[in-house]
Every structure is written in structure tokens, then in C-alpha cells.
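Q: Supplied in C-alpha cells, the structure appears directly below.
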DNA sequence: TGCACATATGAGCAGATGTTCATGTATCTT
DNA sequence: AAGATACATGAACATCTGCTCATATGTGCA
């Protein structure tokens with residue numbers, strides 16, 4: 001029993017759903033941000049300076065990247081003294097990244 | 001017994017691994033491409049014209065998008081007469097997209 | 001209060017991305 | 001062969017991204 005008529009077994013994505021999904025994927029569509037997210041998932045919590053060092057980017061560039069992740073609700077920031085600690089806020093990104101790592105990194109040889 | 005020294009339990013992503021992952025995510029970082037991939041997963045196989053209609057884009061724009069997906073090995077093309085049929089070539093993208101749809105579309109309310 | 005440290009932010013800029021428009025290629029029909 | 005159909009491709013262009021550099025904000029310390 002559903003309210004919206006479906007015209008077939010093959011459901012379609014509305015434009016707006018596709019935009020939501022693309023926006024999520026876009027957050028992980030940059031090597032720097034992937035490294036940031038991965039590092040946070042592994043470490044639990046990191047300071048901006050540490051993240052910059054891990055990623056190998058300037059602190060300014062890192063801060064800009066973190067802002068995007070923050071504004072998208074993927075991470076959250078937490079000030080302690082003059083340091084700001086970041087952690088993952090979106091619990092789903094772990095699975096998403098795990099699936100990608102598992103399939104596109106480990107298992108070289110049957111990508112398709 | 002391992003050959004490469006690891007400095008902690010928190011493994012790090014090399015730059016090049018992060019680039020591979022980001023490149024994969026980038027393919028899904030556009031609403032049109034998400035719709036294309038989704039439609040192909042649902043339908044199994046589609047002609048370029050149908051894809052263009054589903055996505056609501058011109059055939060030219062659609063063809064350009066398909067080329068990207070093709071060159072990345074995510075889809076493959078198959079000519080039958082004057083039509084070209086596309087299908088998913090990367091078996092892993094289904095899981096990746098399913099996870100995203102499940103978490104970011106259905107389950108509105110505990111994204112983070 | 002003055003200064004150093006940690007991070008954030010805005011402007012400006014170079015490179016990437018996605019579209020359109022014109023044209024090219026392959027196939028079918030007559 | 002000529003024209004129509006289906007798709008691909010290249011160039012041009014507007015927009016978006018991510019970086020740097022300069023500057024601002026917040027915090028601790030002398």
C-alpha cells in the first residue's frame with residue numbers, strides 16, 4: 001500500500017533525489033577530503049594542524065575543506081583552548097567509504 | 001610480519017589511494033550521472049536516447065556523460081544497428097549507490 | 001595589555017567541469 | 001546513392017572548485 005503511483009518495477013530517481021546523492025558523493029570526490037574523512041574515521045578525533053600534516057596540505061586549504069565537510073554535516077568541530085578538534089558527524093559515511101575502499105582498493109582485479 | 005613499517009593501528013590512505021577513491025566518487029558526483037547509473041541498474045540496459053529522456057538532458061550532453069562513465073570502466077557500450085546500448089560494467093557501483101540511497105534518501109532523520 | 005599560536009575567512013586566480021552548437025561517423029531505408 | 005536516424009566528438013564558453021595569500025578571530029601566556 002503506497003501513496004505515490006509507481007509506473008513500473010524500475011523506480012526512478014527524481015532530479016532532486018539525484019542532486020542530494022550527488023552532493024554527498026561530491027564531498028568524497030576530492031583526494032584531500034577523502035584523506036581527511038578516512039583519517040577522522042581511523043583516529044576518532046584530530047586537530048586541524050594534524051589533519052593538514054596528514055593530508056600534506058596547508059592549514060588554510062585544510063580549513064577550507066573542513067568547512068565544506070562541516071557545512072554538509074559530515075563532520076563537527078569542537079574547540080578546546082586554541083585547538084579545534086574535528087570528528088565524524090555523519091555515521092553513514094563510514095560504510096560508504098568502507099565499501100569503496102574494499103572494492104576499489106583491496107580487490108584489484110575484478111572491478112567490473 | 002610485514003614489510004612496510006606502520007606507525008600505528010590507524011592505517012593511512014596514501015595519496016594515490018585517495019586519488020583512486022576520489023575519482024570513483026567523482027563519477028557519482030553529478031546528478032545527471034547518478035540518474036544514468038541508477039536507471040541502468042534498474043533497467044539493465046538502455047539506449048542513449050532513452051537515457052537522455054530519463055535524465056532530461058540533450059542527447060549530446062548525455063553522450064558526453066556516458067563517455068566519462070565508459071572511460072572509467074563504469075559502463076560499457078554495445079552497438080545494435082544504429083542504436084548503442086549501455087549497461088553497467090562495474091559490479092561494485094550497485095552496492096555503493098544502494099548504500100547511499102538507503103542512508104541519504106529513505107532514512108531521513110538520522111543522517112548524523 | 002601585548003604577543004604568539006591555532007584556526008577561520010574572504011578575495012582573487014588558475015584549472016577543472018558540464019553544457020551547447022556544429023560537425024563527424026555509422027547504420028538503415030528507399 | 002541519397003537522405004534520415006542515432007550517436008559521438010571537438011571547440012567554445014560559462015560556471016564551479018580548490019588553492020594561495022592576506023587578514024581576521026579566538027585563546028593562552030608573559
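Q: Determine whether region B:77-86 contains at least one residue that is closer than 18 Å to residue B:30 by Cα and either within 16 Å of DNA strand C (Cβ to nearest atom) or touching a residue at least 24 places away in the same chain (Cβ under 8 Å) (or both).
A: First, the residues of region B:77-86 that are closer than 18 Å to residue B:30 by Cα: none.
The answer is no; no qualifying residue exists.
Q: Looking for something in contact with a helix residue (DSSP H, G or I) (Cβ under 9 Å, 6 or more places away or on another chain) and surrounded by fewer than 13 Cβ atoms within 10 Å (Cβ to Cβ) - is there at least one such residue anywhere in region B:63-71?
A: Within region B:63-71, the subset in contact with a helix residue (DSSP H, G or I) (Cβ under 9 Å, 6 or more places away or on another chain) is B:63, B:65-66, B:68-69.
Filter once more, so that each one left must be surrounded by fewer than 13 Cβ atoms within 10 Å (Cβ to Cβ): none.
There is no residue in region B:63-71 that is in contact with a helix residue (DSSP H, G or I) (Cβ under 9 Å, 6 or more places away or on another chain) and surrounded by fewer than 13 Cβ atoms within 10 Å (Cβ to Cβ).
Q: Can I ask one more? Of these, B:39, B:23, B:29, which one is within 14 Å of DNA strand D (Cβ to nearest atom) and surrounded by fewer than 16 Cβ atoms within 10 Å (Cβ to Cβ)? Step through it out loud before you land on a result.
A: Numbers: B:39 fails: surrounded by fewer than 16 Cβ atoms within 10 Å (Cβ to Cβ); B:29 fails: surrounded by fewer than 16 Cβ atoms within 10 Å (Cβ to Cβ).
It is B:23.
Q: Same structure again: If you go through region A:105-112 one residue at a time, do you hit one that is touching a helix residue (DSSP H, G or I) at 6+ places or on another chain (Cβ under 6 Å), under 15 Å from residue B:13 (Cβ atoms) and at pLDDT 95 or above?
A: Checked against the condition, which is being touching a helix residue (DSSP H, G or I) at 6+ places or on another chain (Cβ under 6 Å), under 15 Å from residue B:13 (Cβ atoms) and at pLDDT 95 or above, region A:105-112 yields no hits at all.
Q: Report yes if residue A:35 is within 11 Å of DNA strand C (Cβ to nearest atom) and either more than 10 Å from every other protein chain (Cβ to nearest Cβ) or part of a helix (DSSP H, G or I) (or both), otherwise no.
A: Numbers: within 11 Å of DNA strand C (Cβ to nearest atom): no; either more than 10 Å from every other protein chain (Cβ to nearest Cβ) or part of a helix (DSSP H, G or I) (or both): yes.
Taking the combined requirement at face value, the residue does not satisfy it.
Q: With the requirement that a residue be facing another protein chain (nearest Cβ under 10 Å) and within 13 Å of the chain's Cα centre (by Cα), what does region A:41-71 give you?
A: A:41 - this is the single residue of region A:41-71 that is facing another protein chain (nearest Cβ under 10 Å) and within 13 Å of the chain's Cα centre (by Cα).
The values are calculated or read from the model by the stated rules, or taken from the named source; none is laboratory data. Quick caveat: nothing in here was measured; it's all calculated off a predicted structure. Cβ: placed from backbone, ideal geometry, glycine included. Neighbour counts: every protein chain shown.
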